[in-house]
Amino acid sequence: MPDFIDDITDRDPREMAALIDIARGDAGKEGLGAPVCAWCDSPIPMARRLAMPGCTLCVSCQEDKEHLKERG
Ligand SMILES: [Zn+2]
């Protein structure tokens, strides 16, 4: 299981409820991450979309992108 999911599930349940409320309010808006990865078309988990509003890449592709950036 990816680390970011552990990070989310370790949170206070009240904080999770607040995040879910935010997600409901933002459903269909650009504030929530994309449902699928822009690079590989893999579904992006809701936990990641909540944790990273505006994200368009899955964890794997995001890491690839970071590595590309590091190399310049
Ligand atoms: Zn991807």
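A compact table of results
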item	result
Theoretical FRET efficiency, 1/(1+(r/R0)^6), r = Cβ-Cβ of Met46 and Arg71, R0 22 Å, to 0.05	0.10
Spin-label model distance (nm) - Ala17 vs Asp64, 7 Å beyond Cα toward Cβ	4.0
Neighbour net charge for Lys65 - beta-carbon separation under 15 angstrom, K R +1, D E -1	-1
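Read-outs: derived from the displayed coordinates by stated rules, not from any lab. Everything quoted here is computed from the prediction, not taken from an experiment. Cβ: placed from backbone, ideal geometry, glycine included. Neighbour counts: every protein chain shown.
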